[in-house]
Amino acid sequence: MGPLLRTVELFYDVLSPYSWLGFEVLCRYQNIWNINLQLRPSLIGGIMKDSGSLSAMRFLTAVSLEHPDMLEKVSRELWMRIWSKDEDITEPQSILAAAEKAGMSAEQAQGLLEKISTPKVKNQLKETTEAACRYGAFGLPITVAHVDGQTHMIFGSDRMELLAYLLGEKWMGPVPPAVNARL
Amino acid sequence: MGPLLRTVELFYDVLSPYSWLGFEVLCRYQNIWNINLQLRPSLIGGIMKDSGNKPPALLPRKGQYMANDIKLLRHHFQIPIQFPKDFFSVIIEKGSLSAMRFLTAVSLEHPDMLEKVSRELWMRIWSKDEDITEPQSILAAAEKAGMSAEQAQGLLEKISTPKVKNQLKETTEAACRYGAFGLPITVAHVDGQTHMIFGSDRMELLAYLLGEKWMGPVPPAVNARL
């Protein structure tokens, strides 16, 4: 029997550029390391008292609840808008455009958009953000690794080598050779 | 003719634990990479004041994070770093003015000793939880580093001279001009460009800028000195 899969949670907000960097590195390593990467859309505003990504993060929360297999791609397209193409992410059309770019059908995307103000979605985002706070977050991204019965919270996108050390895995830099950079 | 030596400056204060981590990594790599490492003793208090920043530990969650972080990095970096029992008294109240003036005097008169004396001061405050503010403490660190008692005493007598005080002030201001809002900062001069990198966890990025190979915080070609 091989080593147990270790759960690694990434709490992030698309408003946070370092969240994007940490996200891409972990996405690259999720098929190289023996980990189960769990993406946790959160609100940096809830951790810091500032807000600008509320609709986008609620949308990602809805995606995480109904189509978790799409969460990585839709997250990436929202970052591409705000932190690469300097495009809006607050308007409904903006969020739909990101979802469709990620491969969602217009109907699927619209359906999720209609749910972003429901108590279920609002509460889930609130709970995820509170979970980050309970782990000790003072900003985002935070990566939480569950290893050998211990929990380690690591802040920022520049500590992935430390994460590798804690996991007993090999660090091969931010662009590991086994993966073609998707961007 | 081989590639030109690139100058890499490290601005640091012994009060700063992450400065120790960055310092040890750069000391390990100075004989592996094609760099000329220049150590720049600075005053973190002066940088905080000038930039309007605050010590991160003053935010409770950041203080808690630092305590855990230092425990992990102790093993990852193989440096015997540990929090002093009374962090606020040692770090926030007592400070490091005399120690950094002493290191400034060392940098002016015996620069070859600067690495070792810096290390012994860190060992006192950030490993053995010993004082670094009293004259005897500073002398003890200097002697542990290999200085004679006479040499150390001579330098100690100079720490309140205008020359030493001004040099420390100028070095701290240089860090501010590079954009520092804390310490450590590493300033790499590469191909006519200047890059300022904050923290001890960006050395892989530094390697990338230098076109050098990153082999982790404990590279194999060097026996960890500690």
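The values are calculated or read from the model by the stated rules, or taken from the named source; none is laboratory data. Small disclaimer: the values here were computed from a predicted structure and weren't measured. Cβ: placed from backbone, ideal geometry, glycine included. Neighbour counts: every protein chain shown. Ligands, DNA and RNA are stripped out before the accessible areas are found, and what is left, the full protein with its side chains, is counted by its heavy atoms. Shrake-Rupley method; radii C 1.70, N 1.55, O 1.52, S 1.80 Å.
Remarks
- Of everything listed in (1) assigned to a helix (DSSP H, G or I); (2) more than 21 Å from residue B:151 (Cα to Cα); (3) of a type in the set (A, V, I, L, M); (4) open to solvent by less than 30 Å² (accessible area, probe 1.4 Å), the single unmet condition for residue B:81 is (1).
- Considering (1) surrounded by fewer than 22 Cβ atoms within 10 Å (Cβ to Cβ); (2) within 14 Å of chain A (Cβ to nearest Cβ); (3) within 21 Å of residue B:220 (Cα to Cα); (4) not β-branched (Val, Ile, Thr), the lone condition that residue B:30 does not fulfil carries the number (2).
- Segment A:115-145 - residue that is aliphatic (A, V, I, L, M) and in a loop (DSSP other than H, G, I, E, B) and, of those, surrounded by the most Cβ atoms within 10 Å (Cβ to Cβ): A:140
- Only residues that are within 20 Å of residue B:27 (Cα to Cα) and part of a loop (DSSP other than H, G, I, E, B) were counted across segment B:92-114, and they come to 1.
- Flag if residue A:136 is more than 17 Å from residue B:71 (Cβ to Cβ), among the small types (Gly, Ala, Ser) and within 13 Å of chain B (Cβ to nearest Cβ): no
- Single match in B:21, B:58, B:10 (criterion: buried (at least 16 other Cβ atoms within 10 Å of the Cβ) and under 19 Å from residue B:90 (Cβ atoms)): B:21
- Counted residues, segment A:101-114 - those being open to solvent by 20 Å² or more (accessible area, probe 1.4 Å) and within 18 Å of the chain's Cα centre (by Cα): 2
- Qualifying residue in segment A:163-171 (condition: in contact with a Leu (Cβ under 8 Å, 6 or more places away or on another chain) and more than 14 Å from chain B (Cβ to nearest Cβ)): no
- Those residues of segment B:182-210 which are more than 14 Å from chain A (Cβ to nearest Cβ) and either surrounded by fewer than 15 Cβ atoms within 10 Å (Cβ to Cβ) or assigned to a strand (DSSP E or B) (or both), in sequence order: B:185, B:187, B:188, B:189, B:190, B:191, B:192, B:193, B:194, B:195, B:196
- Restricting attention to segment A:146-159, the residues that are under 18 Å from the mean Cα position of the chain (by Cα) and either part of a helix (DSSP H, G or I) or within 11 Å of chain B (Cβ to nearest Cβ) (or both) total 8.
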